[in-house]
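Report on one structure; see the data block that follows.
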Amino acid sequence: MKNIHQVKHPLIEHKLGILRDKETKPFQFRMLIDEISTFLLFEATKDLNLKDKEISTPMAKTTAKELDEKIMICPILRAALGMLESVFKLIPNASIGFLGFQRDEKTFKAQFYFQKLPKDAKERLAIIIDPMFATGSTAIEACDFLKEQGIKKIKFISILGTLEGFNNFNRFHSDVDVFIASIDKGLDENAYIIPGLGDAGDRVFNTLE
């Protein structure tokens, strides 16, 4: 699958091991989500367009580069909120377009319940962020919605995914590049990623029962 890009790096592997550990505390879990997301965002944005900009250093005038692309980050509520800080660090001028999905516990499919996009969303590169790419249902619905709004350039950043999810996704959106830290073994009977890391939202917001 040419559009699925696994980002491999020793530091990502090291941090994933701590992230998966059930003994990792919420504050550390959030920190690791942020750090791994930074690595993925670097890779996902390496082809952004640039333009020349004239500046003056303390020594002389010179030509520098600046981004020549309007970017919209689309976090999937709620778990992806733990990934937002890394975005603001790297792309502080990015707009945010929120997408809300809730998992149906019987069908395991995503149910769309909220959206708030900037008015100029059609003019922007949309980068969807969501820590888990399990069945692919949420990713499919999110891309469906953005394309229906006239958005033509879409990328997807996730931390854990499965081949099953990617196969499902590519039936509809093989034109969307996905950047992932780990491709896990598969899904259990409840459509949770195995070995996974549990429920990312609960661990980010410390709402485990």
Suppose R0 equals 22 Å. What FRET efficiency, 1/(1 + (r/R0)^6) with r the Cβ-Cβ distance, do residue 2 and residue 46 give to the nearest 0.05? 0.85
Count neighbours as other Cβ atoms within 10 Å of each site's Cβ, and list the trypsin sites (Lys or Arg not before Pro) in segment 28-110 that are DSSP loop with at most 10 such neighbours. 46, 106
Obtain the nm distance between the two label points defined at residue 25 and residue 55 by a simple spin-label model: each point lies 7 Å from its Cα along the Cα-to-C-beta direction. 3.9 nm
Residue 101 long-range amide H proximity, modeled H, under 5 Å: 77, 113
Using a 1.4 angstrom probe with every protein chain in place, what is the largest-first accessible-area order of 116, 2? 2, 116
One finds the C-alpha centres of segment 156-209 and segment 17-83 to be spaced, in Å, by 20 Å
If you take the beta carbon distance between residue 192 and residue 120 as r and set R0 to 22 Å, what does 1/(1 + (r/R0)^6) give as a FRET efficiency, to the nearest 0.05? 0.05
Check cross-link reach from residue 2 to the aspartates and glutamates: straight Cα distance under 14 Å, and skip same-chain residues fewer than eight apart. 175, 177
How many nm is it between the label spots at residue 96 and residue 174, if each spot is 7 Å from the Cα in line with the beta carbon? 3.6 nm
Per residue of the chain, what 222 nm ellipticity follows from adding -39500 (n - 2.57) for every DSSP H run with n ≥ 4, rounded to the nearest 500? -9500 deg cm²/dmol
Enumerate the helices in the chain for which the Kyte-Doolittle hydropathy averages -1.0 or more and the C-alpha atoms extend at least 24 Å along the helix's axis, using complete DSSP H runs. 26-44
At a 1.4 Å probe, what is the % contribution of carbon and sulfur to the accessible area of the chain? 52 percent
Once ligands and nucleic acids are excluded and a 1.4 Å probe is used, how much of residue 11 is accessible, expressed in Å² to the nearest 10? 80 Å²
Placing each pseudo-label 7 Å from Cα in the direction of the beta carbon, residue 109 and residue 85 end up separated by a distance in nanometres of 3.7 nm
Once amide hydrogens are built 1.01 Å from N within the peptide plane, the residues lying 5 or more places from residue 109 or on another chain with amide H under 5 Å from its amide H are 104
Derived scalar couplings ³J(HN,Hα) [segment 68-76; Karplus, 6.51 cos²θ - 1.76 cosθ + 1.60; whole Hz; x for Gly, Pro]: 10, 8, 8, 10, 10, 8, 10, x, 7
For segment 23-93, listing GluC sites (Glu not before Pro) in a DSSP loop whose Cβ sees at most 14 other Cβ atoms within 10 Å gives 23
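The values are calculated or read from the model by the stated rules, or taken from the named source; none is laboratory data. Remember, predicted model here, so these are calculated numbers, not experimental data. Neighbour counts are summed over all protein chains in view; Cβ atoms, including those assigned to glycine, are modelled from backbone coordinates with ideal geometry. Areas reflect the complete protein model, heavy atoms only, side chains present, ligands, DNA and RNA absent. Shrake-Rupley method; radii C 1.70, N 1.55, O 1.52, S 1.80 Å.
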